Amino acid sequence: MEALIETFKKYKYALGFTLIVVVGFVVYTIFFTGESIPAGDELITTSPAQSEVEAVTVDLLALLLSLKTLNIDTAIFADDRFKSLTDFSVELLQQPVGRENPFLPLTGTPPEGNSTNR
């Protein structure tokens, strides 16, 4: 232990100088290298949700404008080949709807010994 104290005494100026340099570097880094915020700008914020909405809106408007320039030729509907097409669709009949309460047994009465108020 005494050898350690003697070593510190021997190098006290070098250790003190090193300590001062390290503390000075830390203080300089904290106070002088940080980016400064211009006055008044710290209250202005933008949320990412707004920018996403704006981006989607711009994309949607661009798509709508491109659709506006489309020209559809409706002459195909007047063609004899189109008129000769046959409709093979099947009409669906109205089907009966299920029971009023599908969880009741088929008899309509709950089995004995089984209570809904447990």
Checklist entry - Quick one: would you say Ser51 is at pLDDT below 85, among the hydroxyl-bearing types (Ser, Thr, Tyr) and assigned to a helix (DSSP H, G or I)? => result yes
Next on the checklist: Given the criteria modelled with pLDDT under 90 and surrounded by fewer than 10 Cβ atoms within 10 Å (Cβ to Cβ), does Pro110 qualify?
Outcome noted: no
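The values are calculated or read from the model by the stated rules, or taken from the named source; none is laboratory data. Given the structure is predicted, the values throughout are model-derived calculations rather than measurements. For neighbour counting, all protein chains shown are included, and Cβ atoms are generated from backbone atoms with ideal geometry for every residue, glycine included.
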